[in-house]
Amino acid sequence: MQKVLIVYDSRTGNTERMAMAVLEGVKQSGVNAETKRAGECTLDDLQEANGIILGSPTHFGTMSERMKKLIGESVKIRGKLENKIGAAFTSSGGVSGGNETTLISLIQAMLIHGMIVIGDPMEATGHYGAVAIGGPDERALDVCKKLGKRVGELVKKLS
Ligand SMILES: Cc1cc2nc3c(=O)[nH]c(=O)nc-3n(C[C@H](O)[C@H](O)[C@H](O)COP(=O)(O)O)c2cc1C
C-alpha cells in the first residue's frame with residue numbers, strides 16, 4: 001500500500017503540531033502515513049515513501065540546520081526520489097519573517113530530487129504550502145490537514 005512520510009523538525013513544538021495535523025489529513029485520504037523527526041529519518045525511509053512532506057521551523061528565513069543536514073545526506077540517493085509527490089509546511093515567529101522563503105528552500109530540495117511538488121491556487125490555503133505564525137491556530141491546522149489530504153489523494157492517483 002502507498003505511504004506518505006512526513007519529515008519534520010521542531011524545537012519548541014509548533015512545527016510538530018502542524019506535522020500531526022498533516023498526518024491526520026493524509027490518513028483521511030486512506031493512504032498510510034507516518035511521521036519522522038528529521039534527525040531520525042533514514043535515507044531508506046525516504047526511498048520507501050510514495051509521497052514526502054517536509055516541515056521545518058523558519059530559521060533565518062530558511063529550513064533548520066537538522067533539516068538541511070538530512071537534505072545534504074540525501075545526495076547519496078540522488079535519482080531515487082524521482083516522481084514522488086512532495087509538499088512543505090513551516091512555522092515562523094513573524095508574519096513576514098521568512099516563512100515563504102523557508103517553504104521555497106524545502107520545495108527547491110524536492111525539485112532537485114525530481115519530485116512532483118504540490119502548489120495551491122488559493123491564497124487561503126497557501127500557494128507554496130502550509131504556514132503557521134508561532135503555534136498553529138485552528139485555521140493553520142485545517143490548512144495542514146488539507147495539504148496532507150491533497151498529497152494522499154494525488155499519491156493514490158499517480159501510484
Ligand atoms: C535559530 C532560530 C532562528 C529563527 N529565525 C527566524 C526567522 O528568520 N524568522 C522568523 O519569523 N522566525 C524565526 N525563528 C522563530 C521560529 O521560526 C518560531 O519560533 C517557530 O514557531 C518555531 O517552531 P518550532 O516550535 O517548531 O521550533 C527562529 C527561531 C530560532 C530558534
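Laboratory data are not the source of any read-out in this text; all were calculated from the coordinates shown. Just so we're clear, the structure is a prediction, and the values are computed from it rather than from any experiment. A quick note on method: Cβ atoms are made from the backbone with ideal geometry, for glycine too, and the neighbour counts reach across all protein chains shown.
Averaged over residues, the count of other Cβ atoms within 10 Å places the peptides 30-41, 148-159 in the sequence 148-159, 30-41, highest first. What does the C-alpha gyration tensor say about the overall shape of the stretch 1-129? Classify as rounded when a/c is under 1.5, otherwise prolate if a/b is larger than b/c, or oblate. In terms of gyration-tensor shape, rounded.
How large is the dipole of the chain about the Cα centre if only Lys and Arg carry +1 and Asp and Glu carry -1, each at its Cβ, rounded to the nearest 20 debye? Can you show the working numbers first?
Values: 20 positive and 18 negative charges, 60 e Å.
So the magnitude is around 280 debye.
For the stretch 108-153, the spherically averaged projection of the C-alpha convex hull amounts to 3.8 nm². Pairs from the list K3/K69; K76/K149; K36/K68; K68/K146; K36/K84; K76/K145 with a Cα-Cα gap above 20 Å: K3/K69; K76/K149; K68/K146; K76/K145.
Among the helices of the chain, those built from whole DSSP H runs whose Cα atoms reach 24 Å or more along their own axis and whose mean Kyte-Doolittle hydropathy is at least -1.0 are 138-158. If you build a Gaussian network model of the chain, linking Cα atoms that sit under 10 Å apart, which residue out of P57, P136, P121 swings the most? Of P57, P136, P121, the Gaussian network model singles out P121 as fluctuating most. DSSP finds beta bridges in the stretch 1-91, and of those with both partners inside it, around 5 percent are antiparallel. Between I133, I116, I77, the residue with the greatest mean-square fluctuation in the GNM of the chain (Cα pairs under 10 Å linked by springs) is I77.
With a/c under 1.5 counting as rounded, go ahead and sort the stretch 77-159 into rounded, prolate or oblate using the C-alpha gyration tensor (a ≥ b ≥ c being the square roots of the eigenvalues; past the cut-off, prolate if a/b is larger than b/c, else oblate).
Details: a/c = 2.53, a/b = 1.45, b/c = 1.74.
Taking the square roots of the gyration eigenvalues as a ≥ b ≥ c, the stretch 77-159 is oblate.
Quickly estimate the mean residue ellipticity at 222 nm for the chain, helices only: each DSSP H run with n ≥ 4 gives -39500 (n - 2.57), and the total goes over all residues, rounded to 500. Write out the running numbers ahead of the final one.
Details: 5 runs with 65 residues, N = 159.
Helix contribution divided over all residues of the chain: -13000 deg cm²/dmol.
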